[in-house]
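Have a look at the structure below before the remarks.
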């Protein structure tokens, strides 16, 4: 909310953060609101575990010493520790120490369980559940390809002009 | 806090003016190269800050809506706050400094009901800039700087690091800048082309 002159108003348009704005969020423990991390440390999400993948989190995320292993489900054949919130000791996610090939990429990363995380979206002054935000990263390749194509078009254009310059000087030589 | 206020203001201007979709080549170059120069001046630019209730940690606002700070009174001012901030119903007298009496409304946290700050409803001339902004007392709130989380578990070392949203953002920004550069190149080429044509016609 904000003041419009002296009237307190709910900010319009604050309800639906646009995709690009979701880049700046802080991640909080759903229960006690302790800050656990922010979007700058997010690497993506892992849908089968309904978790956000973070490479960096705050010191308020406590890694349990106990190592567990699962024999069935998504975490079959994984060795992991659970993550707890320092503020309220509530379970907020897991970290995999050993994993089969399918989950190998997210070893040693903090996997924050979506259902237990709430997010604060900067510039929108609003809190949302982590389950409503997507941290899925689309490959940059498409974007890069487009820029490359644009450059190539300009290169063609340049060659064309250069050719015309050469032709021009040849004809003027002949005219003399 | 004062220097932070300055850099925040600076950033806000950045956000607002950088790269709108106009394709005026001089403007593009000004933005691309002008920005580089400006960047050197403000090298210690922290990430944006989220302000949270000092007691129950509920977010109350962030530095994107920064309005200013008063070092003497340990106050920061935000233009916009979250619904976690409750504006009190009663106005009361407050002596901001000698001989400047104001009418203020208290701000509470929705989560733990602790007082977080105030809104100036009626002010003498010298305090007009504070009117109808959300003033938080620094002692009652906490802050979290984006990017300050530092706990990592990479046993393998920094050789092999996955792409974060932060890194991705930087790459995307560079791509956008490159696109602007191509557009400005295209315009220059068009001008050269037109110039050549004219030269031919004269001959």
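The values are calculated or read from the model by the stated rules, or taken from the named source; none is laboratory data. If you're wondering where the values come from, they're calculated on a predicted model, not measured in any experiment. We place every Cβ from the backbone using ideal geometry, glycine too, and count neighbours over all the protein chains shown.
Brief remarks follow.
- Any hit, region B:99-113, residues being modelled with pLDDT under 90, more than 11 Å from chain A (Cβ to nearest Cβ) and in contact with a strand residue (DSSP E or B) (Cβ under 8 Å, 6 or more places away or on another chain): yes
- Number of residues in region A:136-146 that are part of a loop (DSSP other than H, G, I, E, B) and either facing chain B (nearest Cβ under 7 Å) or farther than 20 Å from residue A:48 by Cβ (or both) equals 2.
- Residues of region B:114-131 satisfying the condition of being touching a strand residue (DSSP E or B) at 6+ places or on another chain (Cβ under 8 Å), at pLDDT below 90 and surrounded by fewer than 17 Cβ atoms within 10 Å (Cβ to Cβ): B:121, B:122, B:124, B:126, B:127, B:129, B:131
- Tally, over region B:70-98, of residues that are outside any loop (DSSP other than H, G, I, E, B) and under 11 Å from residue B:117 (Cβ atoms): 7
- Scanning region A:37-53 for residues that are touching a helix residue (DSSP H, G or I) at 6+ places or on another chain (Cβ under 8 Å), crowded, with 24+ Cβ neighbours inside 10 Å and under 18 Å from residue A:85 (Cβ atoms) returns A:41, A:42, A:51, A:52.
- Number of the condition not met by residue A:122 [criteria: (1) surrounded by fewer than 18 Cβ atoms within 10 Å (Cβ to Cβ); (2) closer than 30 Å to residue B:66 by Cα]: (1)
- Of residues in region A:56-87 being touching a helix residue (DSSP H, G or I) at 6+ places or on another chain (Cβ under 7 Å) and modelled with pLDDT of 90 or more, the one surrounded by the most Cβ atoms within 10 Å (Cβ to Cβ): A:57
Residues checked against (1) under 21 Å from residue B:123 (Cα atoms); (2) facing another protein chain (nearest Cβ under 7 Å):
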| position | (1), (2) |
| --- | --- |
| B:53 | no, no |
| B:58 | no, yes |
| B:71 | yes, no |
| B:75 | yes, no |
| B:80 | yes, yes |
| B:93 | yes, no |
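- Residues being assigned to a loop (DSSP other than H, G, I, E, B) and either out of contact with any strand residue (DSSP E or B) (no Cβ under 8 Å at 6 or more places or on another chain) or not assigned by TED's automatic domain parsing to the domain that holds residue A:33 (or both) - total across region A:122-133: 1
- Scanning region B:60-69 for residues that are under 13 Å from residue A:121 (Cα atoms) and out of contact with any helix residue (DSSP H, G or I) (no Cβ under 8 Å at 6 or more places or on another chain), we see that the one that is farthest from the other protein chains (Cβ to nearest Cβ) is B:60.
- Some residue of region A:136-145 being in contact (Cβ under 8 Å) with a residue 60 or more places away in the chain and surrounded by fewer than 13 Cβ atoms within 10 Å (Cβ to Cβ): yes
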